[in-house]
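Participant: Questions regarding the structure given below will be posed in turn.
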Amino acid sequence: MELLVASAIGILTSAGLYLVFRLRTFPVIIGVSLLTYAVNVFLFASGRLTVGAPPILRDGVSIYTDPLPQALVLTAIVISFGMTAVVVMVGLGAFLGSDDDHIDEPKAEIAEEAE
């Protein structure tokens with residue numbers, strides 16, 4: 001189980017980093033989302049992976065799940081959704097302002113457009 005979760009975190013992180021280094025706005029947004037998913041899975045896995053265990057310690061229960069990582073992941077999901085909405089609006093504004101969604105335009109093209 002741990003190998004599967006570690007592999008999923010690694011794949012999400014590598015795919016997210018690959019997309020973040022692209023020169024278009026939409027892949028960068030998707031890459032940042034994949035990175036936040038990787039962090040959420042990492043936070044969730046840090047609370048020990050136990051199946052069928054209650055999150056609260058009660059009488060007669062010896063194994064329980066730590067509820068703190070679950071609360072952190074829930075908070076991170078809300079924050080990442082808000083930040084994704086902000087980044088989408090900034091990217092949309094940049095696209096509408098320049099009719100192109102390149103993140104980094106070479107300076108030679110800028111000089112040619114000015115002439």
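Participant: Quick check on my filter: what residues within segment 49-67 are surrounded by 12 or more Cβ atoms within 10 Å (Cβ to Cβ) and either among the charged types (D, E, K, R) or assigned to a helix (DSSP H, G or I) (or both)?
Facilitator: ASP66, PRO67, listed by residue number.
Participant: Kindly evaluate ALA76 against the criterion of being among the small types (Gly, Ala, Ser) and surrounded by fewer than 15 Cβ atoms within 10 Å (Cβ to Cβ).
Facilitator: Details: among the small types (Gly, Ala, Ser): yes; surrounded by fewer than 15 Cβ atoms within 10 Å (Cβ to Cβ): no.
For ALA76, the condition - among the small types (Gly, Ala, Ser) and surrounded by fewer than 15 Cβ atoms within 10 Å (Cβ to Cβ) - is not met.
Participant: Something else about it: Can you go through SER46, SER14 and tell me which one is polar (S, T, N, Q), more than 30 Å from GLY97 (Cβ to Cβ) and at pLDDT 95 or above?
Facilitator: SER14
Participant: Here is a follow-up. Can you find a residue in segment 70-86 that is part of a helix (DSSP H, G or I), within 20 Å of the chain's Cα centre (by Cα) and closer than 20 Å to MET1 by Cβ?
Facilitator: Taking every residue of segment 70-86 in turn, at least one turns out to be part of a helix (DSSP H, G or I), within 20 Å of the chain's Cα centre (by Cα) and closer than 20 Å to MET1 by Cβ.
Participant: Still on this model: For SER7, are the conditions met, namely being among the polar types (S, T, N, Q), without any contact (Cβ under 8 Å) to a residue 40 or more places away in the chain and out of contact with any Lys or Arg (no Cβ under 6 Å at 6 or more places or on another chain)? Give the steps one after another, and end with the answer.
Facilitator: Details: among the polar types (S, T, N, Q): yes; without any contact (Cβ under 8 Å) to a residue 40 or more places away in the chain: yes; out of contact with any Lys or Arg (no Cβ under 6 Å at 6 or more places or on another chain): yes.
Yes.
Participant: Hey, among LEU23, LEU34, LEU19, which residue is under 20 Å from PHE95 (Cα atoms) and in contact with a Leu (Cβ under 7 Å, 6 or more places away or on another chain)?
Facilitator: Details: LEU23 fails: in contact with a Leu (Cβ under 7 Å, 6 or more places away or on another chain); LEU34 fails: under 20 Å from PHE95 (Cα atoms).
Testing whether each residue is under 20 Å from PHE95 (Cα atoms) and in contact with a Leu (Cβ under 7 Å, 6 or more places away or on another chain) leaves just LEU19.
Participant: Of all residues being of a type in the set (Gly, Ala, Ser) and surrounded by 14 or more Cβ atoms within 10 Å (Cβ to Cβ) in segment 39-48, which is nearest to the chain's Cα centre (by Cα)? Just the residue, please. Can you show your working first?
Facilitator: Filtering segment 39-48 for residues of a type in the set (Gly, Ala, Ser) gives 45-47.
From what is left, the residues that are surrounded by 14 or more Cβ atoms within 10 Å (Cβ to Cβ) are 45, 47.
Numbers: ALA45: 16, GLY47: 19 Å.
The extreme case among them is ALA45.
Participant: May I ask you to list pairs of residues, at least six apart or on different chains, whose Cβ atoms are under 6 Å apart, with the first in segment 61-82 being closer than 13 Å to TYR37 by Cα and the second being of a type in the set (S, T, N, Q)?
Facilitator: Hits for this filter: VAL73/ASN40; ALA76/ASN40; SER80/THR36.
The values are calculated or read from the model by the stated rules, or taken from the named source; none is laboratory data. Given the structure is predicted, the values throughout are model-derived calculations rather than measurements. In this analysis, Cβ positions are derived from the backbone assuming ideal geometry, glycine residues included, and neighbour counts consider all displayed protein chains.
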